[in-house]
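Some notes on the structure that comes next.
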Amino acid sequence: MEKPYIEAARRLVERGASVISSNCGFSVRHQAAVAAAANVPVVMSSLLFVPSILLQLPAAAKIAILTYDSTHCGDDIFEILGIDGATREARFVVGGIEGSEFWRNSLEKPVVRTSLGSIQEDVAACAERLRAASPEIKCVLLECAEFPVAASVIRERTALPVYDLVGLCKTTMAALANRDGFDVGPH
């Protein structure tokens, strides 16, 4: 699966892309290979925030990672991020929206549209479940690239900071501001 990511990134760069991202947080598995091939900044996943968030929080704080399907957020993901097993166990709570309306609708062929309100409810409910089970959670990281639409609802309902791919992409684009006349607007 890595080769198509690399080929797509190269095509995008040839067409003028100044940053490469993806539509699935689990594509962090291809971060190093795409970054090596693209010659522009590559941010394949909001999971790239993990090392930074760890340094921002007290050692007793936990980070909730919300995924589309938590069964795909295995040890390999944490190893890619430089997180050992003990740190993973002590600092992270992973939960997915498996079985929710959005999850079920996305698996239909053809995909059934899910209302914005339903997506927000499914994702926010997951955050609240995780927080209720682990009150040590001090922030939420949205792994799925479709979840940023729920970030404001999660912030409102949990009063926690929420990190997502949109924030990572904005930060990366801001780092390139005014390069070759490119500007991302007010920061």
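The numbers here are math on the coordinates, done by the rules we state, and not lab data. Since the model is a prediction, treat every value here as computed from it, not as a measurement. Cβ placement follows ideal geometry from the backbone for every residue including glycine, while neighbour counts extend to all protein chains displayed.
Structure above, values below:
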| read-out | value |
| --- | --- |
| Mean residue ellipticity (222 nm) of the chain, computed from DSSP H runs ≥ 4 via -39,500 (n - 2.57), nearest 500 | -13000 deg cm²/dmol |
| Paramagnetic reach from residue 132 in the range 94-111 [backbone N under 15 Å; point 7 Å along Cα→Cβ] | 96 |
| Net dipole in debye of the chain [+1 Lys, Arg Cβ; -1 Asp, Glu Cβ; about Cα centre; nearest 20] | 280 |
| Within straight-line cross-link reach of residue 62, lysines at Cα separation under 22 Å, skipping those fewer than 8 residues along the same chain | 138 |
| Residue-wise HN-Hα coupling along the range 87-104, computed from phi with Karplus coefficients 6.51, -1.76, 1.60 (Hz; x: Gly, Pro) | 5, 4, 5, 7, 10, 10, 10, 10, x, x, 9, 3, x, 6, 4, 4, 4, 4 |
| Size of electric dipole in the range 2-44: Cβ of Lys, Arg +1 and of Asp, Glu -1, about Cα centre, debye, nearest 20 | 40 |
| Segment residue 3-residue 61, extension gain: residue separation times 0.36 nm, minus the distance between their alpha carbons | 17.1 nm |
| Of (i) 35, 28, 11; (ii) 34, 23, 13; (iii) 27, 20, 18, the label for semi-axes √(5λ) of the Cα gyration tensor in Å derived from the coordinates | (iii) |
| Those trypsin sites (Lys or Arg not before Pro) in the range 85-162 that DSSP places in a loop and that have at most 16 other beta carbons within 10 Å | 113 |
